[in-house]
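A.B. asks: I have a structure here, written as structure tokens, and I will follow up with some questions on it.
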Amino acid sequence: MTPTPPGLEELKRYLQERHGFDLEHYSRSFLERRLLLRLRHHNVAGYEEYLSVLLKDRREYLDLINTLSVNVTEFFRDAALYQAVAERVLPKIKERNFRNGSRAVKAWSAGCASGQEAYTLAMLLDDYFGAQAPAWACEVHASDIQENFLAEARTGKYPKGKAAQIPASFRKRYVIEDGGHVSMAPRLKKLVNFFKHDLASPPPLESLDLLFCRNVMIYFNGETKEKILRWFHRCLNPDGFLVLGACEIILKADLFQLADSEHKIYHRAAHDA
Ligand SMILES: C[S@@+](CC[C@H](N)C(=O)[O-])C[C@H]1O[C@@H](n2cnc3c(N)ncnc32)[C@H](O)[C@@H]1O
């Protein structure tokens, strides 16, 4: 591994001690790429100088956190994945839960940014499980480390252009057009519970059927990734499913096995981790 650049350890220590923000979980390459944006913004050459900017300017901490939190997201991001989930994953969840005497389904969007993934999941679950007679109870939990993303997610209101990827049949039922904006229908909002959670700490959820953690794990180092995967294994039901981003893979076959390699859908391994 390349030597740690001067000042990086001091910067990490300051953020941990002053703000409880732990940069250790992020991969070195991601961290250095994102920090460089702040260094350039302040026209400073190194981490030592950047630390003095942080000490002088209280607002810089918020800008730094925003820079570290890439929040790109979309409704129905990778449409074919959602089709695969609807056609192949939801029927399996239904069969398993029904066999166990349950008429409920529980999902988690971990690292949900401004909420589009969580609302997409809510549409999918309501469309499939809400159509059963009698309708099943659907719960979507959605978390992020960034309070400002969660605040936006809770409004359920987005610029109209962002709803373009929502298929017309879903838009008709779940989206209310309002001038230049769209709002999620109240019955959809009721299904989603947004909460603040740092993925590097143990999750407060259990008995999940479906866990989406897409385009988040890429920021973490190997050790933190493994810890998170063990927690995910623990909070999923036996036979539960984990869905990752299009470019993410898991090599922990003792915890998760590929159910669909094209769409990065994993099946929880049956044993206790
Ligand atoms: C690129 S977005 C992914 C959004 C969505 N999952 C998707 O794929 O469209 C990454 C999100 O991960 C969140 N994130 C980064 N570090 C996190 C952490 N330690 N705990 C929880 N969320 C985190 C960021 O705030 C950001 O909203």
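The values are calculated or read from the model by the stated rules, or taken from the named source; none is laboratory data. Here the structure is a predicted model, which means the values were calculated and not measured. Note: ideal-geometry Cβ built from the backbone for every residue, glycine included; neighbour counts use all protein chains shown. The accessibility values were calculated without ligands, DNA or RNA, using every heavy atom of the protein model including side chains. Shrake-Rupley method; radii C 1.70, N 1.55, O 1.52, S 1.80 Å.
A.B. asks: Compute the relative contact order of the chain as a whole-number percentage, counting only Cα pairs closer than 8 Å that sit 6 or more residues apart in sequence.
C.D. replies: 16
A.B. asks: Now, a different point. Would you work out which of Gly222, Ala118, Ile265 lies farthest towards the positive end of the dipole of the chain? Charges go on Cβ: Lys and Arg +1, Asp and Glu -1.
C.D. replies: Ala118
A.B. asks: Within the set Lys94/Lys227; Lys12/Lys157; Lys12/Lys106; Lys94/Lys196; Lys162/Lys196, which residue pairs have Cα atoms separated by over 32 Å?
C.D. replies: Too far apart for the 32 Å limit: Lys12/Lys157; Lys12/Lys106.
A.B. asks: Next question, about the same structure. Quick check on the chain: helices-only [θ] at 222 nm, where DSSP H runs of length 4 and up contribute -39,500 (n - 2.57) each and the sum goes over total residues. Nearest 500, please.
C.D. replies: -12000 deg cm²/dmol
A.B. asks: Largest first, how would Arg13, Arg34 line up by accessible area (1.4 Å probe)?
C.D. replies: Reading off the accessible areas and sorting them downward yields Arg13, Arg34.
A.B. asks: Considering only DSSP beta bridges whose two residues both sit in the range 79-268, what percent are antiparallel, to the nearest 5?
C.D. replies: Percent antiparallel among DSSP bridges in the range 79-268 is about 40.
A.B. asks: Against the longest alpha carbon principal axis of the chain, how many degrees, from 0 to 90 and to the nearest 10, is the axis of helix 116-129 turned?
C.D. replies: 10
A.B. asks: Which order do Ile145, Ile176, Ile228, Ile249 take by accessible area at a 1.4 Å probe, largest first?
C.D. replies: Sorted descending by solvent-accessible area, the residues read Ile249, Ile176, Ile145, Ile228.
A.B. asks: Using every pair of alpha-carbon atoms in the chain, split the distances into 5 Å bins beginning at 0 and state the percent of pairs per bin, rounded to integers.
C.D. replies: Spelled out bin by bin, the chain gives 1, 5, 12, 16, 16, 15, 12, 9, 7, 4, 2, 1, 0 percent.
A.B. asks: In the range 79-268, carbon and sulfur make up what percent of the accessible area (probe 1.4 Å)?
C.D. replies: Of the solvent-accessible surface of the range 79-268, carbon and sulfur hold 53 percent.
A.B. asks: What's the angle, to the nearest 10 degrees (0 to 90), between helix 222-235's Cα axis and the longest principal axis of the chain?
C.D. replies: It is inclined by approximately 30 degrees.
A.B. asks: Here is a follow-up. Compute the orientation-averaged projected area for the range 8-68 from the convex hull of its Cα atoms and round it to one decimal in nm².
C.D. replies: 3.6
A.B. asks: Also, I was wondering about something else. So how do Glu147, Glu17, Glu95 rank on accessible area, 1.4 Å probe, biggest first, that is with the largest at the start?
C.D. replies: The most accessible residue leads, giving Glu17, Glu95, Glu147.
A.B. asks: Once the Cβ-Cβ distance between Arg96 and Ala131 is put in as r, and R0 is 22 Å, what FRET efficiency do you end up with, to the nearest 0.05?
C.D. replies: Step by step, r from the Cβ atoms, then E = 0.75.
A.B. asks: Counting only heavy atoms of protein chains, what accessible area per residue, in Å², does the chain have with a probe of 1.4 Å?
C.D. replies: 49
A.B. asks: Right, another one. Out of all Cα-Cα pairs in the range 69-203, roughly what percent, to the nearest whole number, are more than 28 Å apart?
C.D. replies: 16
A.B. asks: Using only the Cα atoms of the range 119-273, each taken as one equal point scatterer with no solvent, compute I(q) by the Debye sum, divide by I(0), and report log10 of the ratio at q = 0.09, 0.16 Å⁻¹.
C.D. replies: Debye output, listed in q order: -0.33, -1.02.
A.B. asks: Give the long-range amide H neighbours of Phe256: residues separated by 5 or more places, or on another chain, with amide H under 5 Å away, using H modelled in the peptide plane at 1.01 Å from N.
C.D. replies: For Phe256, the qualifying residues are Ala269.
A.B. asks: Calculate how steeply helix 90-99 sits against the longest principal axis of the alpha-carbon atoms of the chain, using the helix alpha-carbon long axis, and give the answer as 0 to 90 degrees to the nearest 10.
C.D. replies: 60
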